[in-house]
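What follows is one structure encoded as structure tokens, with my remarks underneath.
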Amino acid sequence: MSAGEALLAEAARSLIDPQGRDLAAAVQWWELAGLEGRWPVALLGQGPPLLLLHGFDSSLLEFRRLAPLLSARFTLVIPDLYGFGFCPRPSEGSYNPAGVLAHLEALLAAIAERISPDPMGLIGASMGGSVAVELARRQPERIERLLLLAPAGLTGRPMPLPPLLDLLGVRFLALPGVRRGLVRTAFADPASSVGPAEEQIASLPLAVPGWGMALGRFARSGGFAGCGDPLPPQPLQVLWGANDRILRPAQKRAAQALLGERLRELEDCGHLPHLDQPQRVAEAWAWAAEQP
């Protein structure tokens, strides 16, 4: 059993958040073509397949509040992105956008074999929104509709960090006080929304061997940026929190110019609509899925 498998198995027993425990317990470990090792994928629900992609320096547990609201109508497939969450991190891995997308394309092939070859829906949060857009352009026959939640990286350009700066950034992100502050910044009302349960889930992947190495190399790659132009041809909608304090106002204005009427703002919502307003996100997806 890998370190990531052991961590998630323990999380299914001991996380403070009961929805987090339930989602951790739904994780399977898949072998994927072209990739060594076993890869975490939460699988739950029934109905048409729906793929959910988390954001930067996060994990599949990010969808703990949304999953119960969608699983009655959809088969949810929730992976950890390559290099993040509880994934294995081989030293020779490609910790860059190309590596993330190669892993997801292998995952799509496995979904077609294990679950359904039919086109599926796709929800991407924060950086996962840009990943979703790139994947939809690469695999138009597999992705039929998208919902992006406060997508990061649709505009702008890659900004690779130099080697020493990326190492300092990783050490900074690992500091308990910094991690606590980032969690609080992500919610609209941290005083009522953030406590030990959220901080525990946000910090758990740091215990996976290679966390700092993979994060630093991803930062050196420049990450996902400028991914929105051109937008993919599939139907697309975007939800953005009115109280988002992670993405700067200039980023939001640039995204609004790109997305136009596809973008809808949610009141009393921060950078994580699927955690701040999961019911409204579920309703938005259910409505979109019913459209012709």
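Among residues of the range 246-270 that are more than 14 Å from GLY156 (Cβ to Cβ), those with a Cβ under 7 angstrom from a residue that is of a type in the set (Lys, Arg), sequence gap 6+ or separate chain, pair up as LEU266/ARG280; GLY270/ARG245. Residue count for the range 172-216, restricted to those that are without any contact (Cβ under 8 Å) to a residue 60 or more places away in the chain, surrounded by 13 or more Cβ atoms within 10 Å (Cβ to Cβ) and among the hydroxyl-bearing types (Ser, Thr, Tyr): 1.
Inside the range 111-126, residues that are touching a Leu at 6+ places or on another chain (Cβ under 9 Å) and either of a type in the set (A, V, I, L, M, F, W, C) or assigned to a strand (DSSP E or B) (or both) make up a count of 8.
What do you reckon, is ALA150 on the phi > 0 side of the Ramachandran plot, touching a Leu at 6+ places or on another chain (Cβ under 7 Å) and crowded, with 22+ Cβ neighbours inside 10 Å? Considered against the rule, which asks whether it is on the phi > 0 side of the Ramachandran plot, touching a Leu at 6+ places or on another chain (Cβ under 7 Å) and crowded, with 22+ Cβ neighbours inside 10 Å, ALA150 comes out as yes. The residues of the range 280-292 that are farther than 19 Å from LEU231 by Cβ and touching a residue at least 60 places away in the same chain (Cβ under 8 Å), listed by number, are VAL281, ALA282, ALA286, ALA289.
Taken as a whole, the range 236-247 holds at least one residue that is within 20 Å of the chain's Cα centre (by Cα), farther than 30 Å from ARG21 by Cβ, at pLDDT 95 or above and not aliphatic (A, V, I, L, M). Among the residues of the range 239-279, those that are small (Gly, Ala, Ser) and farther than 16 Å from GLY226 by Cα comprise GLY241, ALA242, GLY260, GLY270. Taking the range 50-86 as the search range and keeping residues that are among the hydroxyl-bearing types (Ser, Thr, Tyr) and under 9 Å from the mean Cα position of the chain (by Cα), which one is nearest to MET120 (Cα to Cα)? Among them, the one singled out is SER59. Could we say that ALA102 is over 14 Å from the mean Cα position of the chain (by Cα), closer than 19 Å to PHE56 by Cα, touching a residue at least 60 places away in the same chain (Cβ under 8 Å) and in a helix (DSSP H, G or I) here? Considered against the rule, which asks whether it is over 14 Å from the mean Cα position of the chain (by Cα), closer than 19 Å to PHE56 by Cα, touching a residue at least 60 places away in the same chain (Cβ under 8 Å) and in a helix (DSSP H, G or I), ALA102 comes out as yes.
The values are calculated or read from the model by the stated rules, or taken from the named source; none is laboratory data. From a predicted model like this one, the values you see are computed outputs, not experimental measurements. Ideal geometry is used to build each Cβ from the backbone, glycine not excepted, and the neighbour counts take in all protein chains shown.
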